[in-house]
Amino acid sequence: MTANAPLTSPNKLDNAPLVHTVAQVRFSPDLKISEAVPNIQGDLKGIGFPRFEKSEVSNIDLSSGVPKLDQLDRWDFLTRDKKTGVALTRDFVVLQTSAYDTFAIFGDLLRQVLEILAKYARIDVVERLGIRYVDLVRRQKDESFKDYLKPGLVGFPFDEVHGEEIIESFSAVQSVAKLADSALTIRCLQANNGQFLPPDLAPTGLHYEVVLEKGELVAIIDSDHYAMVDMDFGPKAIIERLDSLHQLANKAFRSAVTSHALKQWGAINVQSV
């Protein structure tokens, strides 16, 4: 197996707790990309993105050495069911979905998006690649998050503080690892305020089939793997690099949860830990 060869993927979880996936390709700004948007929109409609929205997003520009707040145009292209979307600005493109199946399917769709951008926009240099998975852990009434999460991710047990009514709670645990050519962050949030996405991702504009009970305490595992790069805007090479980022993020997620959790989510051949 070569260094770039894909690792053997673990078995897919039939009842995976995954609720959101996002991949980002950040590139050197193309100040004329707005001129290409009509053609980009036309081709994206052809691969299943008929909905369109335009908005402005805030961006902090540090290029001059003095922080400057800019308003950037953002174009969003959505599937009809609003479960998958493409977001484009002058310096990044994002593919995000609440209906993730496998990386092979997700990566192929992103490849098509990138090929459309390469066809109409002048994008020369890719500077950052990242992929992020958000998993929603929900327990049964007779269970604890200790049954699902490894000790390093279990936050303060507010629900075990007897004699007090906890109206609302939130806890966060974060672990960061710097690798030779990338960085991996695993966050675990616990909240009972109705949220099921990390605060920096909400709102996404996507539709989710998630219904939480009032006051339900949930755990959110946020696996974020990115790499600073200096590479040409080549769709095939970008997908291959994102695949390698995906593989480690997936491995980290499986290392963050217990064998009980994996069995609950449909994994087979799970070894006790």
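None of the figures in this text is laboratory data; all of them are computed from the coordinates on show. Given the structure is predicted, the values throughout are model-derived calculations rather than measurements. A quick note on method: Cβ atoms are made from the backbone with ideal geometry, for glycine too, and the neighbour counts reach across all protein chains shown.
Exposed loop sites, defined as GluC sites (Glu not before Pro) outside DSSP H, G, I, E and B with at most 16 other Cβ atoms within 10 Å, are absent from the longest region of the chain, namely 1-142.
Taking a ≥ b ≥ c as the square roots of the eigenvalues of the Cα gyration tensor, an a/c ratio of 1.5 or more together with a/b no larger than b/c marks region 183-273 as oblate. Each label was represented as a point 7 Å from its Cα along the Cα-to-Cβ direction; for residue 82 and residue 14 these points are 3.2 nm apart. Shape class of the chain from the alpha-carbon gyration tensor: prolate, with a/c at 1.5 or above and a/b greater than b/c.
Taking trypsin sites (Lys or Arg not before Pro) across region 32-123, the ones in a DSSP loop with at most 10 further Cβ atoms lying within 10 angstrom of their Cβ are 32, 80. Sketch the reach of a paramagnetic label on residue 32 as a point 7 Å from Cα along Cα-to-Cβ, and name the residues of region 98-131 whose backbone nitrogen lies under 13 Å away. Inside the label zone: 120-124.
The alpha carbon gyration tensor of region 15-94 gives principal lengths a ≥ b ≥ c with a/c of 1.5 or higher and a/b no greater than b/c, which makes the shape oblate. Compared with the alpha-carbon gap, the fully stretched path from residue 69 to residue 181 is longer by 37.3 nm at 0.36 nm per residue.
Cβ crowding within 10 Å ranks 208, 100, 148 as 208, 100, 148, fewest other Cβ atoms first. Neighbours of residue 21, meaning other residues whose beta-carbon lies under 13 angstrom from its beta-carbon, give a summed charge of -2 when Lys and Arg score +1 and Asp and Glu score -1.
Scanning the chain for long hydrophobic helices, with DSSP H runs required to stretch 20 angstrom or more by C-alpha along their axis and to average at least 0.0 on the Kyte-Doolittle scale, returns 103-120. Checking every one of the trypsin sites (Lys or Arg not before Pro) in region 179-273 against DSSP loop status and a limit of 11 other Cβ atoms within 10 Å picks out 214.
In the elastic network of the chain, a GNM with C-alpha springs shorter than 10 Å, the most mobile of 58, 34, 255 is 58.
Going by neighbour counts of Cβ atoms within 10 Å, the residues 182, 175 line up, fewest first, as 175, 182.
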